[in-house]
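To start, the structure itself, in structure tokens.
The values are calculated or read from the model by the stated rules, or taken from the named source; none is laboratory data. Bear in mind that the values here come from a model prediction, so they are computed numbers and not experimental data. All Cβ positions, even for glycine, are placed from backbone atoms using ideal geometry, and neighbour counts span all protein chains on display.
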Amino acid sequence: MLDHYLDYLETPTLRWGPLVLTACFLAAFVAFALKSAIQGRPHTARVEKAGGSILLGKYVMEYGLWVFGPLTRTAIHLGVHPDFFSWTSLVLQMGAAVLIAGGFFGLGAWVLILGAFCDALDGAVARARGIASDAGEVLDAAMDRWAEMAVFFGYAWYYRSQGWAFLLACAACAGAVMVSYARAKGESFGIDASMGLMQRHERAVWLAVSTLGSALWELWRPTPSGEFAYHTPVLFALGMIGALGNWTAWIRTQYTRQELRKR
């Protein structure tokens, strides 16, 4: 049975499907760029509050909200509960982890993108319906941590036979966890330690783009039979997340300690 499903994942439809989805996504980006050029770039409160960075600009963030906007409005209209999206995000990202672990980077990237969108959607729906709560925020935070660790475990499993690449995946996982922990620990003392790079949305975009880009490169220039496909863009993204994530966790930790010493 497992071999049957693995063979299905290798069919042309699923191998080339990510390319078609990417083409649609790029076409939507062109439409967004034209709309922005004519009417001006949107300035949503959510993006302005989150702020852009050298790793992920506001323009790209606005595009993401715009392209998935119809789905967000539909979910609000149908009255879907925000917790549904939290759980769906977890399931999708765990599914992406399994696909990535098996080397199906193209399909895994798109499942990862859908999971990240659901992760963003739960909060948007809760705020729009006026049912945002601390309990929902706790569930969302827990789902985020489990989902993200599952994805990094997927990369680690794929690179398990390649020592240094495996360590990159482990370092990236550690950085992702510690970035969130350092901020949460500061907030528990009433300290805003939100500085630094490679925050949740930045990590999600870097992983999705690098994974999808690697899959598309493999379609164009396949790795010779018998050789290991390293997926260099993914390794670069994992390295950046590991380095910048752990650095951000460190400066947040130091900032929190300094603020506590002033009390």
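Considering only residues that are more than 22 Å from the chain's Cα centre (by Cα) and either part of a helix (DSSP H, G or I) or surrounded by 11 or more Cβ atoms within 10 Å (Cβ to Cβ) (or both), which ones fall in the stretch 69-79? Don't jump to the end; show me each part of the working.
So in the stretch 69-79, the residues more than 22 Å from the chain's Cα centre (by Cα) come out as 74, 76-79.
Once the filter is applied, which keeps residues that are more than 22 Å from the chain's Cα centre (by Cα) and either part of a helix (DSSP H, G or I) or surrounded by 11 or more Cβ atoms within 10 Å (Cβ to Cβ) (or both), the stretch 69-79 yields T74, I76, H77, L78.
Just for the stretch 30-68: of the residues that are of a type in the set (A, V, I, L, M, F, W, C) and within 17 Å of W206 (Cβ to Cβ), which one is surrounded by the most Cβ atoms within 10 Å (Cβ to Cβ)?
Filtering the stretch 30-68 down to residues of a type in the set (A, V, I, L, M, F, W, C) leaves 30-34, 37-38, 45, 47, 50, 54-56, 60-61, 65-68.
Applying the additional criterion that residues be within 17 Å of W206 (Cβ to Cβ) yields 50, 54-56, 60-61.
Numbers: A50: 17, I54: 7, L55: 17, L56: 21, V60: 16, M61: 23.
My answer is M61.
Return the pairs, sorted by first residue and then second, in which the second residue is at pLDDT below 90 and part of a loop (DSSP other than H, G, I, E, B), the first residue lies in the stretch 223-240 and is over 18 Å from A204 (Cβ atoms) and among the polar types (S, T, N, Q), the beta carbons are less than 6 Å apart, and the residues are 6+ apart or on different chains.
Final answer for the pair search is T223/A229.
Among the residues of the stretch 237-252, is any of a type in the set (A, V, I, L, M, F, W, C) and not in a helix (DSSP H, G or I)? Give the steps one after another, and end with the answer.
Start the filter on the stretch 237-252 by keeping residues that are of a type in the set (A, V, I, L, M, F, W, C), which leaves 237-238, 240-241, 243-244, 247, 249-251.
Filter once more, keeping what is not in a helix (DSSP H, G or I): none.
Among the residues of the stretch 237-252, not one is of a type in the set (A, V, I, L, M, F, W, C) and not in a helix (DSSP H, G or I), which makes the answer no.
So L260 passes all but one of these: (1) in a helix (DSSP H, G or I); (2) free of Cβ contacts under 8 Å to residues at least 24 places away in the same chain. Which condition number does it fail?
It is condition (2) that L260 fails.
Take the residues in the stretch 23-56 that are touching a residue at least 24 places away in the same chain (Cβ under 8 Å) and not in a helix (DSSP H, G or I); name whichever of them is farthest from S194 (Cα to Cα).
P42
Residues checked against (1) in contact with a Leu (Cβ under 8 Å, 6 or more places away or on another chain); (2) closer than 24 Å to I131 by Cα; (3) at pLDDT 90 or above; (4) not small (G, A, S):
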position: L6; (1), (2), (3), (4): no, no, no, yes
position: A23; (1), (2), (3), (4): no, no, no, no
position: P42; (1), (2), (3), (4): yes, no, no, yes
position: K49; (1), (2), (3), (4): no, yes, no, yes
position: Y59; (1), (2), (3), (4): no, no, no, yes
position: V67; (1), (2), (3), (4): no, no, no, yes
position: D83; (1), (2), (3), (4): yes, yes, no, yes
position: W87; (1), (2), (3), (4): no, yes, yes, yes
position: V91; (1), (2), (3), (4): no, yes, yes, yes
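For the stretch 180-187, check the following and say yes or no: at least one residue is surrounded by fewer than 17 Cβ atoms within 10 Å (Cβ to Cβ) and closer than 23 Å to W157 by Cβ.
So far as the stretch 180-187 goes, no, none of its residues is surrounded by fewer than 17 Cβ atoms within 10 Å (Cβ to Cβ) and closer than 23 Å to W157 by Cβ.
Of everything in the stretch 170-218, what is on the phi < 0 side of the Ramachandran plot, assigned to a loop (DSSP other than H, G, I, E, B) and under 11 Å from the mean Cα position of the chain (by Cα)? Give them in sequence order. Outline the logic, then answer.
To start, the set of residues in the stretch 170-218 that are on the phi < 0 side of the Ramachandran plot comprises 170-189, 191-195, 197, 199-218.
Of the ones still in play, those that are also assigned to a loop (DSSP other than H, G, I, E, B) are 189, 191-195, 197, 199.
Scanning the stretch 170-218 gives a single hit, Q199.
Go through A176, A184, A204 for me and flag whichever is over 13 Å from V151 (Cα atoms) and of a type outside the set (F, W, Y). Walk me through it before giving the result.
Numbers: A176 fails: over 13 Å from V151 (Cα atoms); A204 fails: over 13 Å from V151 (Cα atoms).
None of the other options fit; the residue is A184.
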